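Undergrad: I have a structure here, written as C-alpha cells, and I will follow up with some questions on it.
The values are calculated or read from the model by the stated rules, or taken from the named source; none is laboratory data. Nothing here was measured: the structure is a model prediction, and the numbers come from that model. Cβ coordinates were reconstructed from backbone atoms using ideal geometry, including for glycine residues, and neighbour counts include every protein chain displayed. SASA here: full protein model, heavy atoms, side chains in, ligands and nucleic acids out. Shrake-Rupley method; radii C 1.70, N 1.55, O 1.52, S 1.80 Å.
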Amino acid sequence: AEQHCHRYLWRNLDTDTTPDTYVMTRVNMGDRPAGQISTEAVYKTAELFEAESPNAALLLRESTYVDDIIDSRADMSETEVLSREAESMLLKGGFHIKFWQYSGEKLHGEDSEMTTAVLGVGWRPEEDVICFKASVNFSHKRQGVHIKPDLSLLDIPQSIPLKLTK
C-alpha cells in the first residue's frame, strides 16, 4: 500500500499512449522515513524468526540503531555465535551484514588512522577507545572557509594569536 507514495507514470515521451504505472519496491535512502522503515523491517525480521534464536532477536530489537549493531559481552565465543545467528536471521529478512567489528581486533579495511564511526562517534576497535576529532584553526575565513590548513598538535602553542576574538 505504501508503495504508491512513490508512483511513477511512464510513456516514453509518446503522448498518444496511456502511461504505464510503476511503483518503488525498495526503500529510497534519501526519503525522510527511510531510516525508520529500515529499522521497523529489522524489528519485524527479529519478530518473525525469534523462535530460531531468541538471543539474536533480542539483540536486533534492543541493540540496533539504523545500521549499527552494538552489544557488549564478556565471552568472545558467545559473541561470535550470537553474531552468526543475528546475521543468519537478517539474511532471511533480506539484510546483508558488511562485516562485524569486534573490540581488540584490527579495523576492517579502513583508513590509516584506524578509527571508524559507531553511532557517529569515533572508535578505535583495536584499542577499544572512543575518540573525538578536534581541529584548531585561527586563520581568517573567506566565504566561510579557513584560508590556511588546520593546525597540528605541535603547531598550536606558537600559533595562538595574541588577541583572541569570537
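Undergrad: I'd like the Karplus ³J(HN,Hα) series for the range 137-148: coefficients 6.51, -1.76, 1.60, θ = phi - 60°, whole numbers in Hz, and an x wherever there's a Gly or Pro.
TA: 8, 8, 5, 5, 10, 10, 6, x, 10, 4, 7, 10
Undergrad: Going toward the positive end of the dipole of the chain, with +1 on Lys and Arg Cβ and -1 on Asp and Glu Cβ, which of V145, F49, T115 do you reach last?
TA: Projecting each Cα onto the dipole axis, the largest value belongs to V145.
Undergrad: Along the positive direction of the dipole of the chain (beta-carbon charges: Lys, Arg +1; Asp, Glu -1; about the Cα centre), which of S77, I37, C131 reaches farthest?
TA: The Cα lying farthest towards the positive end belongs to C131.
Undergrad: Please identify, among T79, T17, T39, the residue showing maximal mean-square fluctuation in a Gaussian network model of the chain using a 10 angstrom Cα cutoff.
TA: Answer for the Gaussian network model of the chain: T17.
Undergrad: Calculate the spin-label point distance for K98 paired with H6, positioning each point 7 Å from the Cα along the beta-carbon direction, and give it in nanometres.
TA: Distance between the two pseudo-spin positions: 2.0 nm.
Undergrad: In nm, to one decimal, how far is the E80 label point from the V129 one, both placed 7 Å along Cα→Cβ?
TA: Going from the E80 label point to the V129 one covers 2.7 nm.
Undergrad: Mind checking which lysines have their C-alpha under 19 Å from K98, skipping anything on the same chain fewer than 8 residues away?
TA: In chain and number order, the partners are K106.
Undergrad: While we're on this one: Going out from 0 in 5 Å bins, what whole percent of all Cα-Cα distances in the range 35-166 drops into each bin?
TA: P(r) over the range 35-166, rounded to whole percents: 2, 9, 14, 16, 13, 11, 8, 6, 6, 7, 5, 2, 0, 0.
Undergrad: Please work out the FRET efficiency for the pair S152 and T116, using the Cβ-Cβ distance as r and a Förster radius of 35 Å; give the result to the nearest 0.05. Provide the component values of the computation, followed by the final result.
TA: Values: r = 22 Å, r/R0 = 0.64.
That pair, S152 with T116, gives E of 0.95.
Undergrad: Separate question: How do S53, S88, S72 stack up against each other in accessible area, from largest to smallest, with a 1.4 angstrom probe? Present the calculation step by step, with values, prior to reporting the outcome.
TA: Values: S53 10, S88 55, S72 105 Å².
Heavy-atom accessible area, descending, gives S72, S88, S53.
Undergrad: Right, another one. Suppose R0 equals 35 Å. What FRET efficiency, 1/(1 + (r/R0)^6) with r the Cβ-Cβ distance, do K106 and L164 give to the nearest 0.05? If you can, show how the numbers build up before the last one.
TA: Values: r = 41 Å, r/R0 = 1.17.
Efficiency for this residue pair is about 0.30.
Undergrad: Using the Cβ atoms and a cut-off under 13 Å, what net charge is assigned to the surroundings of E50, where Lys and Arg are +1 and Asp and Glu are -1?
TA: With Lys, Arg at +1 and Asp, Glu at -1, the net is -1.
Undergrad: What is the range 100-166 by shape, rounded, prolate or oblate, if you read a ≥ b ≥ c off the alpha carbon gyration tensor as root eigenvalues and call it rounded for a/c under 1.5, prolate for a/b larger than b/c, and oblate otherwise? Display every interim value, and only then the final one.
TA: Numbers: a/c = 3.15, a/b = 2.50, b/c = 1.26.
Prolate.
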